[in-house]
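For reference, the structure discussed in these notes is given below.
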Amino acid sequence: MSTQHNDSTFDPDEPHLTRFDLVREGARRDGVEIVHYEPRFAKAGTAAEKRVERTIAFWFMITGLAALAFVVVYVAWPWEYEFGGHLDKWYTPMLGATLGLALFGLGAAQIIWAKRLLPAEVSVQERHDDVDTVEQKLTGATLVNMGQELNVSRRPLLKGAIALGALPLGAAAVVPLGGMIVDPHGHGDPLFHTGFDAKQFNEGKPVRLVREDGTPIRPEDVSVGGQITAFPGVPHGTTNVHADSPTLLIHLRDNDAKLTRENLGRVEVNKGGMWQNFVAYSKICTHLGCPASLYEQQTNRLLCPCHQSQFLITDNAKPIFGPATRRLPMLPIGVDDEGFFYATSDYKVPVGAAFWERP
Amino acid sequence: MKKKRFDLATLPERSAKGIDERFHASTPLRRMFNKVFPDHWSFMLGEIALYSFIVLLLTGTFLGLFFDPSMEEVKYDGVYTPLKGIEMSKAYESTLDISFEVRGGLIMRQMHHWAALLFMASIVVHMLRVFFTGAFRKPREANWMIGFLLFWLGFMEGLFGYSIPDDGLSGTGLRVINAITQSIPVIGSWAGFALFGGEFPGTVIIPRFYILHVLIFPAIILGLIAAHMGLLVKQKHTQWPGPGRTNKNVVGVRMFPGFAMKGGGFFMITFAVIAAMGGLFQINPIWLFGPYQASVISSASQPDWYVMFLDGIARLWPAWETRFELFGNGYTIPPIFWAAVVLPGVIVNIGLLYPFLEARFTKDKEQHHLLQRPRDTPVRTGLGMMALAFYLVLFASGGNDVIAQHFDISLNAMTWIGRIALLLAPPAAFWISYRIALGLQQHDREVLAHGVETGIIKRAPDGRFYEVHQPLGPVDDHGHGQLEYEGWVVPKKMNRIGALGPAIRGFFSPLEVEDKEARKGKAKELAGKK
Ligand code: HEM
Ligand code: FES
């Protein structure tokens, strides 16, 4: 820190010095010159000054009253939730209004005080950012000397020893993060399988399509032109445990179904995946995995609300607009002896957003 | 011996002495009291960020008393009847409880969220101020970098924050985060599985984000804010040019009491605004979104505003996917990798290094403590506006479905408008602001040379009309002003140079009459005039 301002001949006890002289001297030692200092009101106690004082007092009072109101509201206002329009719906707004007003009053009082009552002042502080090259050299020498004292470069044995000691320790510090590693292709290869994988989740029995409440779905449950979100009929099949399994089961109108069937042949994995006029496509968008859930009956487009990718259902759910690059995978379906939909196999390509090792 | 009486009057002095004997505090303390701060409204933007961060710490700590970051499934049995009996995670349930069953919990949640939005908004505006005035130049590059990092840390912190209540909206966000992580070449799916502890969503992501949100990131942010402030104190504030202000001084008021009092006042007002908003304006009503279910989404689901530009990139980036074969296996680089990993990476690095890049291109090695007006640095102003235009197009595109619905434009058209605007708007913004800056500069110099237009029209003997100009300083033989442009406001209206005298303030009666005597005198004077 700079001491060049110290004036050892200054005697703070000298009788003719006023307190402000001491303030100025202190500021001067800190490199600050108070060049303009003037009370806001030339004469103390004038009407104008009193007026400012009253304004400030007013805001302090507002703070007190509003804070009190806040406490009262917090304690006494009916706050417990009731369904419908009741007084409790005003609890939070009342808290906000009273607390806001209390804090605002405190802020206003301080700002008015600072701007209208405190003396007008202009001070100038020096910056002192000239570089002291002597200091630089002294510190530099100290640093270089430190290296010299350790003198690792002249002690190759220690150099090697440090390297051999530090590297394993560094590794030891990082390895525990390995606890986070989970093999994405381990147990059941989850990136390539969904809840419709009969072998993994249903003891090899075909997996039915079920509604959100777990009940199986019959063809007559879906009206022509309609659609329904279906889940794998396995334990936890409708929960987020199988977040890649939600499927859109669509009942196409006759001519759309005809078109769809014609187009089906063009995509190898989709062949034979339809059942009569029904198709099922993954609901998990191939862009970033949002549920693509807005189905436009007129155009047979499925729109993902996240980034507006659009998929043409009648052409193997091909992406026709937006950032998605891949078709929605098709779930091959059939109807079992009891008349319920089931998946004739799991999805044949990975569901959802793409990743590196996805073919 | 008589027991000494305890003397209250000298207590402050005695304890001050005692303290100084132990800590030698008087010099550093006085130095702090006397530190000079320049005054300009634009220097307050960073303060707002600081104050809202304090509010975030306070309200966040309150939330932490009640929030349970667990993904264990429970059946809801609380007071909010529409969700009764529904399966949900404990995280979501406890957020519902904070909203409905903790007294004052809802206002705390809402204040926390509004404070987060205000925090990010003030950081952005503060950053623009620093950029356009050149406050980042040597020696303040490090503080620019810290501030820039604070934006990104705040961005992540907010993302973690709104992910942890595990409602319909936050789950969708988590899924997108998962997809972005998995898009990284080679390690993507490993990184995603490490983060989520297995396949999405797993059972650990909320506890992990929680610890990031309430411990790790706040600690880093706090540390960086401390460093930011420390450097500010050490390097002292920049100031605008003006009378008496040089590159070697700071002109303003001392920190105590004036500056500190105003600062305290502005803190209270920031706090007041957040409290009022938290009480009066609903935000993130998670009970309307329901618990996260992979199969459900409401349309127009938008992230917080500071994340929207990323959503915008995801929407606009064309479907450019790379697929190739290696050793008989197929591999993919999804387009989102370029949009959401590479592009933000490039933006972060350019932003961080900007002070050095500019110094390099302008070959400027000087120390700068005086700010520049944007008009005086047309290239920088242009570049800044270019970046801003790029950001704004992405930001608007993050809500392009809402815009499309509102103005009845087709979604596809909105996407294309966004794509084209992303390419055209930045250069246009550069060119326009460059020209405007030059124009303003030109006008300043004109006024310095020819004086202020007075509005007085005269007719010369030869019948020609001309306007009288008031020179701002001494003129040469041709009547041209000789003042140099100093990089500060040039008065352009007559009342700016005192032609009209100040207006008399006061609504019913003049405020500035000093006291009753004077007022009486003034009244007499007025009466006498009649
Ligand atoms: C030490 C500081 C902080 C703590 C202890 C904290 C704590 C919390 C907790 C417990 C929640 C979840 C409970 C709920 O939503 O009701 C939460 C949510 C959130 N936090 Fe924080 N937070 C802190 C700082 C921040 C910061 C710096 C930001 C922003 C940049 C932030 C942004 C959010 C957001 C946006 C939410 C979601 C709120 C909502 O859903 O309404 N938090 N925070
Ligand atoms: S997630 Fe469906 S378009 Fe992005």
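The values are calculated or read from the model by the stated rules, or taken from the named source; none is laboratory data. Not measured: the values here are computed from a predicted model. Positions of Cβ are generated from backbone atoms using ideal geometry, with glycine treated the same way; all protein chains shown enter the neighbour counts. The area values use the complete protein model at the heavy-atom level, side chains included, leaving out ligands, DNA and RNA. Shrake-Rupley method; radii C 1.70, N 1.55, O 1.52, S 1.80 Å.
Relative contact order of chain B, please, whole-number percent, based on alpha carbon pairs below 8 angstrom and at least 6 residues apart. Relative CO of chain B lands at 16 percent.
Distance from the Cα centroid of the stretch B:117-156 to that of the stretch B:273-293 is 28 Å (rounded to whole angstrom). Within the straight-line cut-off of under 15 Å between alpha carbons, the aspartates and glutamates reachable from B:LYS492 are B:ASP444, B:GLU446, B:GLU453, B:GLU467, sequence neighbours fewer than 8 places apart in one chain being disregarded.
Amide H contacts of B:THR322: B:ILE333, each under 5 Å away and 5 or more positions distant or on a separate chain (H built 1.01 Å from N in the peptide plane; Pro and chain starts excluded).
The simple spin-label model puts a point 7 Å past each Cα toward its Cβ; for B:LEU280 and B:LEU57 those points are separated by 2.8 nm.
The residues neighbouring A:ASP197, those whose beta-carbon lies less than 15 Å from its own, together hold a net charge of -1 under the Lys/Arg +1, Asp/Glu -1 convention.
These residues, B:TYR292, B:TYR466, go from largest to smallest accessible area, 1.4 Å probe, as B:TYR466, B:TYR292.
For the pair A:ASN145 and B:GLU47, what calculated FRET efficiency results from E = 1/(1 + (r/R0)^6), where r is the Cβ-Cβ distance and R0 = 35 Å, to the nearest 0.05?
On the way: r = 44 Å, r/R0 = 1.25.
Efficiency, from the Cβ-Cβ distance: 0.20.
What is the calculated FRET efficiency for B:ALA227 to B:MET494, with r their C-beta to C-beta distance and R₀ = 41 Å, to the nearest 0.05?
Values: r = 48 Å, r/R0 = 1.17.
Step by step, r from the Cβ atoms, then E = 0.30.
For B:LYS248 and B:THR10, the FRET efficiency from 1/(1 + (r/R0)^6), where r spans their Cβ atoms and R0 equals 35 Å, is about 0.25.
Take the cross-link list B:LYS17/B:LYS234; B:LYS138/B:LYS248; B:LYS138/B:LYS363 and give me the ones stretching past 23 Å between alpha-carbons. Working shown, then result.
On the way: B:LYS17/B:LYS234 28 Å; B:LYS138/B:LYS248 14 Å; B:LYS138/B:LYS363 12 Å.
Flagged as over cut-off: B:LYS17/B:LYS234.
Pairing chain A with chain B buries about 8400 Å² of accessible area. This figure sums both sides and uses a 1.4 Å probe.
Each residue was assigned an accessible area with a 1.4 Å probe, and for B:TYR162 the value is about 30 Å².
Once backbone amide H atoms are built at 1.01 Å from N, B:VAL452 has B:GLN470, B:LEU472 as its partners under 5 Å, excluding neighbours fewer than 5 places away on the same chain. If the chain linking B:PHE66 and B:GLN441 were pulled fully straight, counting 0.36 nm for each residue of separation and taking away their Cα-Cα distance, it would gain 129.3 nm.
At a probe radius of 1.4 angstrom, the accessible area of chain B per residue rounds to 53 square angstrom. Between B:THR27 and A:VAL72, the distance separating the two model label sites (each 7 Å from Cα on the Cα→Cβ line) works out to 5.5 nm. Within the stretch A:111-129, whose backbone N sits under 11 Å from a point 7 Å along Cα→Cβ of A:GLU38? The answer is A:120-122.
Interface residues of the stretch B:172-201, defined as a loss of at least 30 Å² in heavy-atom accessible area between the chain alone and the complex of all protein chains with a 1.4 Å probe, are B:ARG175, B:VAL176, B:ALA179, B:GLN182, B:VAL186, B:SER189, B:TRP190, B:PHE193, B:ALA194, B:GLU199, B:PRO201. Mean residue ellipticity, 222 nm, helices only, the protein assembly as shown: the sum of -39500 (n - 2.57) across DSSP H runs of n ≥ 4, divided by residue count and rounded to 500, is -15000 deg cm²/dmol. Applying a DSSP loop filter and a limit of 15 other Cβ atoms within 10 Å to the GluC sites (Glu not before Pro) in the stretch B:61-134 leaves B:GLU72. Which stretch or stretches of the stretch A:127-147 have amide N atoms under 17 Å from the point lying 7 Å from B:ALA142's Cα along the Cα→Cβ direction? The answer is A:129-132, A:136, A:139-140, whose backbone nitrogens lie closer than 17 Å to the label point. In this rough spin-label picture, where each label sits 7 Å from Cα along the Cβ direction, the A:ASN255-A:ASP129 distance is 7.6 nm. Taking every alpha-carbon pair within the stretch A:138-177, the share separated by more than 14 Å comes to 62 percent.
Given B:LYS458/B:LYS493; A:LYS199/B:LYS84; B:LYS236/B:LYS262; A:LYS271/A:LYS318; A:LYS199/A:LYS258, which pairs have Cα atoms separated by over 25 Å?
Values: B:LYS458/B:LYS493 18 Å; A:LYS199/B:LYS84 35 Å; B:LYS236/B:LYS262 18 Å; A:LYS271/A:LYS318 15 Å; A:LYS199/A:LYS258 33 Å.
Beyond 25 Å: A:LYS199/B:LYS84; A:LYS199/A:LYS258.
Inter-part distance, the stretch B:351-397 to the stretch A:186-254, computed on C-alpha centroids, equals 54 Å.
Distance between the C-alpha centres of the stretch B:311-349 and the stretch A:315-359: 22 Å, rounded to the whole angstrom. Among complete DSSP H helices in chain B, those whose alpha-carbon atoms stretch at least 20 Å along the helix's long axis and whose mean Kyte-Doolittle hydropathy reaches 1.6 are B:45-66.
Sort A:VAL267, B:VAL342 from largest to smallest accessible area, using a 1.4 Å probe on the heavy atoms of the protein chains. Numbers along the way, then the final one.
Numbers: A:VAL267 20, B:VAL342 50 Å².
Final ranking, largest accessible area leading: B:VAL342, A:VAL267.
On the protein assembly as shown, 64 percent of the accessible area sits on carbon and sulfur atoms, based on a 1.4 Å probe. Largest to smallest in accessible area, the residues B:VAL79, B:VAL233 fall in the order B:VAL233, B:VAL79 (1.4 Å probe, all protein chains included). On the principal axes of its alpha carbon atoms, the stretch A:186-341 extends 38, 34, 29 Å, with the longest extent given first.
Can you list the residues of the stretch A:136-159 with backbone N under 19 Å from a point 7 Å past the Cα of A:LEU169, pointing along Cα to Cβ? In the stretch A:136-159, the label zone of A:LEU169 (backbone N under 19 Å from the point 7 Å along Cα→Cβ) covers A:147, A:150-153, A:155-159.
For A:LYS89, the solvent-accessible surface with a 1.4 Å probe is about 80 Å², rounded to the nearest 10. Only protein heavy atoms count here; under a 1.4 Å probe, A:MET274 has an accessible surface of about 30 Å². Short version: which residues of the stretch A:334-359 lose at least 40 Å² of accessible area, all chains versus chain alone, 1.4 Å probe? Those are A:ALA354, A:PHE355, A:TRP356, A:GLU357, which lose 40 Å² or more relative to the chain on its own.
Would you tally the net charge around B:PRO28, using a Cβ to Cβ cut-off of less than 14 Å, leaving B:PRO28 out, and scoring K and R as +1, D and E as -1?
Residues close to B:PRO28 contribute a combined charge of +4.
Starting from a Cα-only point model with no solvent, please compute log10 I(q)/I(0) by Debye for the stretch B:116-183 at q = 0.14, 0.16 1/Å. The Debye formula, applied to the Cα set alone, gives -0.57, -0.67. The H on the amide N of A:LEU294, modeled in the peptide plane, is under 5 Å from the matching H of A:LEU303, each at least 5 residues off or on a different chain. A straight chain from B:VAL468 to B:LYS84 at 0.36 nm per residue would run longer than the Cα-Cα distance by 130.3 nm.
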